[in-house]
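Structure first, then comments.
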Amino acid sequence: MLYDKIISLIPTNWHYCNRGILKSDIGLYKESIIDFSKAIEIDSMNYIYFYNRGLAYRKLELLDSAILDYIKSIELNPEYASAYLNKGYALMSKNEYSKAIEEFKIALSKPIALKEKGYVTNNIAFAHYKLEDYELAKTFIKQSLEIYPINAFAYKNLALIDIALKNVESACKNIQKSINLGFVNQFGNEIIELQKENCK
């Protein structure tokens with residue numbers, strides 16, 4: 001790897017971070033954590049090193065370690081929306097949906113792209129769905145679709161709510177909308193399995 005040679009000559013914090021990102025991109029998460037940790041040793045005041053290490057920890061399902069790194073990233077840069085967002089994802093993986101909602105709402109209050117705002121709003125909806133607050137979940141999905149109308153995942157979540165409420169006809173319509181918007185290409189065959197289970 002080119003960065004191995006570069007680091008042997010110039011072992012800077014950024015070079016370790018960049019090599020860590022490359023390793024994460026190819027699935028070498030444990031090795032990437034070593035590089036991000038080395039970058040942090042050299043410069044412990046850079047929020048992006050903690051954030052990237054948190055991403056790698058989450059890929060390894062080391063959720064508590066990931067959350068600690070997101071917290072540190074937020075301490076160093078309270079305006080960094082992605083740290084709140086990924087902290088929310090980690091909390092959802094721990095089934096801590098109310099806490100996840102808090103993080104997603106903070107992410108929405110920070111500078112964030114319109115498409116991303118639509119996805120975050122949909123994440124809030126999904127967390128409310130998991131808390132079995134279906135009407136509130138629907139409200140947030142509608143907000144999500146107003147922001148980003150071609151969000152296939154939002155229609156999939158709307159279908160899940162319909163299924164929970166035993167509104168199968170509406171669920172199947174939303175499943176089909178999700179498929180038409182490219183869910184399979186973006187996220188996999190989960191929506192097809194949902195259709196097979198519920199739509200005859």
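So if the hydrodynamic radius of the chain is defined as the Kirkwood radius over C-alpha pairs, what does Stokes-Einstein give as its diffusion coefficient at 4 °C and 1.567 mPa s, in µm² per second? Let's see the in-between values first.
Details: Rh = 18.3 Å.
For the chosen part, D equals 71 µm²/s.
So for each of 89-95, 181-187, 140-146 I average, over its residues, the number of other beta carbons within 10 Å; can you give me the resulting order with the highest mean first? Walk me through the numbers on the way to the answer.
Working: 89-95: 17.6, 181-187: 14.3, 140-146: 19.3.
Put in order of decreasing packing, that is 140-146, 89-95, 181-187.
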0 to 90° range, to nearest 10: angle between helix 13-25 axis and the chain longest Cα axis: 40
Above-threshold pairs, the threshold being 20 Å between Cα atoms, out of Lys59/Lys117; Lys117/Lys142; Lys130/Lys177; Lys30/Lys59; Lys105/Lys166: Lys59/Lys117; Lys130/Lys177; Lys105/Lys166
Name the most mobile residue of Ile112, Ile161, Ile175, meaning the one with the largest mean-square fluctuation, in a Gaussian network model of the chain with Cα contacts below 10 Å. Ile112
For the chain, take the longest principal axis of its alpha carbons; what is the angle in degrees between that and the long axis of helix 81-93, to the nearest 10 within 0 to 90? 60
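Assign unit charges at the C-beta atoms only (+1 for Lys and Arg, -1 for Asp and Glu), then state the dipole size of the stretch 115-200 relative to its Cα centre in Debye, rounded to the nearest 20. Don't skip to the answer; put the middle values down first.
On the way: 11 positive and 10 negative charges, 39 e Å.
So the magnitude is around 180 debye.
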Return the distance in nm (one decimal) between the two label points of a simple spin-label model at Asn185 and Asp64, each offset 7 Å from Cα along Cα→Cβ. 4.3
So, with points 7 Å from each Cα along the Cβ direction, the Glu79-Ala164 label distance in nm works out to 3.6
Full-stretch length increase - Ser93, Glu116 - with 0.36 nm per residue and alpha-carbon distance subtracted: 6.3 nm
Roughly how far apart, in whole Å, are the Cα centres of the stretch 84-108 and the stretch 24-51? 22
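Coordinate-derived values only; no laboratory data. Just so it is clear, the model here is predicted, and its values are computed rather than measured. Using ideal geometry, Cβ is built from the backbone for each residue, glycine included, and neighbour counts are taken over all protein chains shown.
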